[in-house]
Every structure is written in C-alpha cells, then in structure tokens.
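**Q** Below you will find the structure I want to go over with you.
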Amino acid sequence: MSITETTNVQANGALNPAKGPAFFSCWDIHGYYGESYIVQGVSFDIREGEIVALLGRNGAGKTSTLRTIARMSDPQLTHGEIWLDHKPLHEMSDFQAAQQGVGLVPEDRRIIPGLTVEENLQLAQIAEPRGWSIERLYDHFPRLAERRKQEGVTMSGGEQQMLAVARALARDVKLLLLDEPYEGLAPVIVREIEKILEEIKGLGLTTVIVEQNAIAALNLADRAIILDMGQVAFDGTAQEVLDNDDLRQEYLAI
C-alpha cells in the first residue's frame, strides 16, 4: 500500500474496531501532554499473533502512542477508541487495561528496587496464571533463572530488559508493548534479546515494538506502521519498508 493510499484509509476512519474483526484496534486516537498535541488521530488494526514495528523519527509520537494504548495518564486521551479482544480500553485506567492483558515494557524498565528477580516476577503474576508460570518464564529466560535470588536492579542493562519482558509476560499478557528494547545494550546482548523476541513471536503473542534500530525491528516484525508528526504515514508489511529506499530515507533517515 502506498503512503498516499494508507493516509487516505486512516483519514477515512478505516475499520470501526467496535464492529470489525481485528484483535486490537486504535480508531482515531488523539493525545495531549498538557497543551502539546502529540497523538493526532492515529488509527490502525492488528491481527492476533502479529508483530508490528511502530517506527518514525524522534518526536514522531511513537512512545506517546504506546502510552496511550496502555492508558497511562500522560498523554491524556481526548478522543478516539482503543479495543483489545472486544474490550474498550479507552474506557479504562492503566490498571484496568493491564488486567485485560496489556503489558507495557517501558524504556526505563522500572525494575523494583529491593526485590529479587523472582520477587519482581511474583509481584507481577496473577493469582492463577493461565500460561506463564514462573518456571515457564525461566525456561525462556535461563539467565533470569540463574539470578533468581539476585536483586533485580543490580543486574546488567540487558538482564534488566529480560526481566522487564518476563514480568510483562507474567501478567498473562495479550498485547505486549515494547518501548526501545535494544536501547543502550551491547550488540551481543541485543542479539540475545532478539532471540528471546523471536521465541515470543513463535508463541503467537501479539506485539508492538517501538525501536530506533528500525532494521532490527523490521526483521522481527510482520508489519510496519510509520508515524510522522503524530499521524500514520505508512501502514504495510515490514518487507515493503525494507525494500523501499525512498520510504526509509524520508521517514526513518536510514
């Protein structure tokens, strides 16, 4: 789909998520930080099991869109609808959205000081996990198993990122939102995180990834959504972006 065609589809409202078949949908969402208009009518749909790379230059509105989906207090959602598995997230708080299966892994990871790796996971886990027991998490994150009794904040940046992702999964997440998962990590650790995300992809978990390393995100993703000035400029396959030099240069500077 061309940039013009995509923009027209989004501007015309695309699919009303309350009635459409998508597993997750944003429909014309607008968000503000105070008086700053950041998210300016973003619309897109995601099928269950898809991995979507949400891309754009710095300041394009990527993190703000993730935070709006997760129903964080900033930015403030002023208009639009957000649906996950037929549940209206736009009517919920961040806590209620998390209960419905939204798992946000923020850029700063937010590992809780004073708690061990295992205690961080236990605190996040629901009373009766449907699929992600602590031991299953350790199967996918063996390095965390080795450090289960270590205080989480004393681990390396890469290990803390693993813990942040595992903690989100411990909530039996339906929609995993990853904000800059490779930020500040050494290349060897990035490859390890990529391997873990490939495993998660194989499990069919619906995921949105915001990442400045656009090529790495595109190699992982099924689809790509490019934001520009708080609006959707492109919505298509990840391969389309990889194959389009002009598109990458204009919107991603790569």
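**Q** Which residue out of Gly41, Gly103 is at pLDDT below 95, outside any loop (DSSP other than H, G, I, E, B), in contact with a strand residue (DSSP E or B) (Cβ under 9 Å, 6 or more places away or on another chain) and not hydrophobic (A, V, I, L, M, F, W, C)?
**A** Numbers: Gly41 fails: at pLDDT below 95.
Result of the check over Gly41, Gly103: Gly103.
**Q** How about the range 65-100: which of its residues are of a type in the set (A, V, I, L, M), in a helix (DSSP H, G or I) and over 21 Å from Ala166 (Cβ atoms)?
**A** Listed by number, the list holds a single entry, Leu89.
**Q** Moving to a separate point now. Does the range 136-170 hold any residues that are among the basic types (Lys, Arg) and under 15 Å from the mean Cα position of the chain (by Cα), and which are they?
**A** Arg167
Residue by residue, here is whether (1) touching a helix residue (DSSP H, G or I) at 6+ places or on another chain (Cβ under 8 Å); (2) surrounded by 17 or more Cβ atoms within 10 Å (Cβ to Cβ); (3) in a helix (DSSP H, G or I) holds:
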{"position": "Gln161", "(1), (2), (3)": "yes, yes, yes"}
{"position": "Ala164", "(1), (2), (3)": "no, yes, yes"}
{"position": "Leu177", "(1), (2), (3)": "yes, yes, no"}
{"position": "Gly184", "(1), (2), (3)": "yes, no, no"}
{"position": "Val188", "(1), (2), (3)": "no, no, yes"}
{"position": "Ile193", "(1), (2), (3)": "yes, yes, yes"}
{"position": "Gln212", "(1), (2), (3)": "no, no, no"}
{"position": "Gly236", "(1), (2), (3)": "yes, yes, no"}
{"position": "Arg248", "(1), (2), (3)": "yes, yes, yes"}
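**Q** Is it the case that the range 112-129 has a residue that's outside any helix (DSSP H, G or I) and either closer than 22 Å to Glu211 by Cα or under 18 Å from the mean Cα position of the chain (by Cα) (or both)? Spell out how you get there, then give the answer.
**A** Here is the first cut: in the range 112-129, the residues outside any helix (DSSP H, G or I) are 112-116, 125-129.
Filter once more, so that each one left must be either closer than 22 Å to Glu211 by Cα or under 18 Å from the mean Cα position of the chain (by Cα) (or both): none.
Checked against the condition, which is being outside any helix (DSSP H, G or I) and either closer than 22 Å to Glu211 by Cα or under 18 Å from the mean Cα position of the chain (by Cα) (or both), the range 112-129 yields no hits at all.
**Q** All but one of (1) part of a helix (DSSP H, G or I); (2) farther than 30 Å from Ile254 by Cα; (3) touching a residue at least 24 places away in the same chain (Cβ under 8 Å) hold for Asp172; state the number of the condition that does not hold.
**A** That leaves (1) as the condition not met.
**Q** Can you confirm whether the range 121-142 contains a residue that is closer than 30 Å to Gln231 by Cα and buried (at least 19 other Cβ atoms within 10 Å of the Cβ)?
**A** no
**Q** Answer yes if at least one residue in the range 225-247 is within 13 Å of the chain's Cα centre (by Cα) and modelled with pLDDT of 95 or more, and no otherwise.
**A** Start the filter on the range 225-247 by keeping residues that are within 13 Å of the chain's Cα centre (by Cα), which leaves 225.
In the following step, the residues that additionally are modelled with pLDDT of 95 or more were identified as 225.
Within the range 225-247 (the criterion being within 13 Å of the chain's Cα centre (by Cα) and modelled with pLDDT of 95 or more), the answer is yes, since at least one residue qualifies.
**Q** Here's a follow-up. Could you check the range 197-224 and list, in sequence order, the residues that are farther than 19 Å from Val102 by Cα, touching a Phe, Trp or Tyr at 6+ places or on another chain (Cβ under 9 Å) and of a type in the set (A, V, I, L, M)?
**A** Listed by number, the residues that qualify are Ala216, Ala217, Ala224.
The values are calculated or read from the model by the stated rules, or taken from the named source; none is laboratory data. Fair warning: this is a prediction, and the values are worked out from it, not measured in the lab. Using ideal geometry, Cβ is built from the backbone for each residue, glycine included, and neighbour counts are taken over all protein chains shown.
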